[in-house]
Amino acid sequence: MDSLYQLSILEAKEGIKKGSFSREELVKSVLSRIEEVEPKLNSFVSVNKEAVKDARKKDQEKEDKALSGIPVAIKEVLSTIDIKTTASSRVLENYYPAYDATVVAKLKENGAILIGKTNCDAFAFGASTENSGFGVSKNPYDLERVPGGSSGGSASAVAAGETIFALGTDTGGSIRQPASFCSITGLKPTYGACSRYGLLAMASSLDCPGPMTKTAEDAETVFNLIKGKDPKDATSVDFPEKKLQTGKIRIGLPKEYFSDGIDKEVKEAVLKAVKSFPEKDFEFTYVSLPNTGYAIEVYYIITPSEISSNMARYDGIRFGKERKYFEDEVKRRIMLGTYTLSAGYIDQFYLKASKVRRLITNDLENAFKKVDLIIGPVSPTPPFKIGEKTDDPLKMYLGDILTASANLAGIPGISVPCGFADKGLPIGMQIMGPRFSEELIFFVSKTFQTLTNWHKARPKI
Amino acid sequence: MPKQVLTEKEVKHIGKLSNLELSEKETQKFSAELTDILDFVENLSAVDTGETPALSNINEKTNVFREDEVRPGLTQKQALKNAKEAHKGFFKVPAILKE
């Protein structure tokens, strides 16, 4: 019983239900794992000291809720009442929210126990956690490499057993890419499916909170608990109930996602994964998404534009420190967005990008007339070394090429582990579908995880 | 197409618009980096967008209305909890007008 921290949500629930162990034992196992590996990983900005007390209370009450006693780690950009929420920026190093984010409140209502707040790039601006004001998090599969980002701390914590599951946020790939880098499952939901209330805004038309878990089944469990319309987020929507389709599932492989710019080992792993689906139930065809090659250009105009507006709230008066304490990437994006929205340049940049955003969305919608889902890699490379891209922001941005389109088009995408590169570095497979196709995405991901064991791998740390 | 150079003077101006104080070193650094990024995103000028309408939010909602009812909100104490300085229930801010 010394490795309770390795359990999935479903396994942990079953163990508690059967009386094999208590909620307190589960929480203590996770906390001692944090104590053991945290000095090497730096997944967390803070750990919740009340967690054991919470668990004990739930044990005494024999609480009967969907996630009763299950530890969850929450990304630092999601507000947690009276628990420090820094966005991993020095500007908010002493900020204590007066309310919970809706997705956090929903997990608490379902009995989950907040185990800690996870590190990320400051305000979620980045793809490696290297932009954090609290130091970089490490990849549990190779401590010299990044865990990805921006939800890197959530990913490394789940992979290393520092929590049973986590929440992340995804604006251009920030759940899927770290999930891929740390060999876990991560879902970026349909835009609006999960409330953004209490999520420290980055790009409001793209931001999505979502689950980061050990299995697709767990991701589905969490998603079903946090989804739904929220009166506090005007862009949130009711999730339409749909029956799963019958007949063969048609899957498209976008040829742009297997082009020369994508690492050979990554391509091979994904194509091999695709072959594991039985031919009697699945049909594969190549599709083309001609405008997705412009996803980075569009993303790095629209996102900084929205950022420059959202970040205006940080005045250093009502809360937080002065703006001079912003990390470099934060300053860079605020200035970039101020420029692309300014008189004389808004047509050339912001409006042009918004039009190409429509073209990218149309590409995807057209593809979904022919296929049910699209499969490709998540990241063009396996996890890269710490420091490898920090001197060249543009080089870092290019890594979002396979994930940003889903955000621009508001569609869901999941990353599931699908193999390892030569050096033992994780590779993820991305499954995307039309808006509100989460159920089918989960079905295919769960099928994949019954056919393969990649999701069962654990880092030796 | 020639590089769309963002001069240090322009960076200073953008810094001012963004309420960011920049050191000389930062100004130089950001001028070079932002020039690179703008030069890259300028690739979009090659895309024929013709009559394509802009897409700014995928739900394409305009207004979302609700009843104008009083609902519970933050207490004054909660709202001031993170303030650097408060005075008699107000945020205390630096003076912006001279006497």
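The values are calculated or read from the model by the stated rules, or taken from the named source; none is laboratory data. None of the values given here were measured: they were computed from a predicted structure. Cβ: placed from backbone, ideal geometry, glycine included. Neighbour counts: every protein chain shown. Accessible surface areas use protein heavy atoms only, side chains included; no ligands, DNA or RNA. Shrake-Rupley method; radii C 1.70, N 1.55, O 1.52, S 1.80 Å.
Observations on the structure shown:
The rows are residues; the columns are (1) within 12 Å of chain B (Cβ to nearest Cβ); (2) within 20 Å of A:Phe284 (Cα to Cα); (3) in a strand (DSSP E or B).
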| position | (1), (2), (3) |
| --- | --- |
| A:Cys418 | no, yes, yes |
| A:Gly424 | no, no, no |
| A:Ile427 | no, no, yes |
| A:Glu439 | no, yes, no |
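- For region A:335-361, the candidate set comprises residues that are part of a loop (DSSP other than H, G, I, E, B) and surrounded by fewer than 18 Cβ atoms within 10 Å (Cβ to Cβ); within that set, the residue that is nearest to the other protein chains (Cβ to nearest Cβ) is A:Ser342.
- One residue alone among A:Ala98, A:Ala66 is hydrophobic (A, V, I, L, M, F, W, C), over 16 Å from A:Ala124 (Cα atoms) and without any contact (Cβ under 8 Å) to a residue 24 or more places away in the chain, and that residue is A:Ala98.
- The listed residue being of a type in the set (Ser, Thr, Tyr), within 25 Å of the chain's Cα centre (by Cα) and surrounded by fewer than 24 Cβ atoms within 10 Å (Cβ to Cβ), out of A:Ser288, A:Ser308: A:Ser308
- Residue count for region A:289-321, restricted to those that are touching a residue at least 40 places away in the same chain (Cβ under 8 Å), of a type in the set (D, E, K, R) and at the interface with chain B (Cβ under 9 Å from one of its Cβ atoms): 2
- Here region B:8-31 is the region considered, the condition is being within 23 Å of A:Met396 (Cα to Cα) and open to solvent by 60 Å² or more (accessible area, probe 1.4 Å), and the residue that is nearest to the other protein chains (Cβ to nearest Cβ) is B:Lys29.
- Checking each residue in region A:412-461 for being in contact with a helix residue (DSSP H, G or I) (Cβ under 6 Å, 6 or more places away or on another chain) and among the aliphatic types (A, V, I, L, M) picks out A:Ile414, A:Val416, A:Ala421, A:Ile427, A:Met429, A:Ile431, A:Met432, A:Ile461.
- Only one of A:Thr215, A:Thr221, A:Thr185, A:Thr169 that is polar (S, T, N, Q), under 15 Å from the mean Cα position of the chain (by Cα) and open to solvent by 10 Å² or more (accessible area, probe 1.4 Å): A:Thr215
- Of all residue pairs spaced 6 or more apart or on separate chains, those with beta-carbon atoms under 8 Å, a first member in region A:156-185 that is over 15 Å from A:Ala219 (Cβ atoms) and a second member that is open to solvent by 10 Å² or more (accessible area, probe 1.4 Å) and assigned to a strand (DSSP E or B) are A:Ala157/A:Phe44; A:Glu162/A:Phe44; A:Phe181/A:Arg145.
- Of note, B:Leu55 does not satisfy the criterion of being open to solvent by less than 30 Å² (accessible area, probe 1.4 Å), facing chain A (nearest Cβ under 9 Å) and touching a residue at least 24 places away in the same chain (Cβ under 8 Å).
- A:Pro459 being part of a loop (DSSP other than H, G, I, E, B), open to solvent by less than 20 Å² (accessible area, probe 1.4 Å) and more than 26 Å from A:Lys229 (Cβ to Cβ): yes
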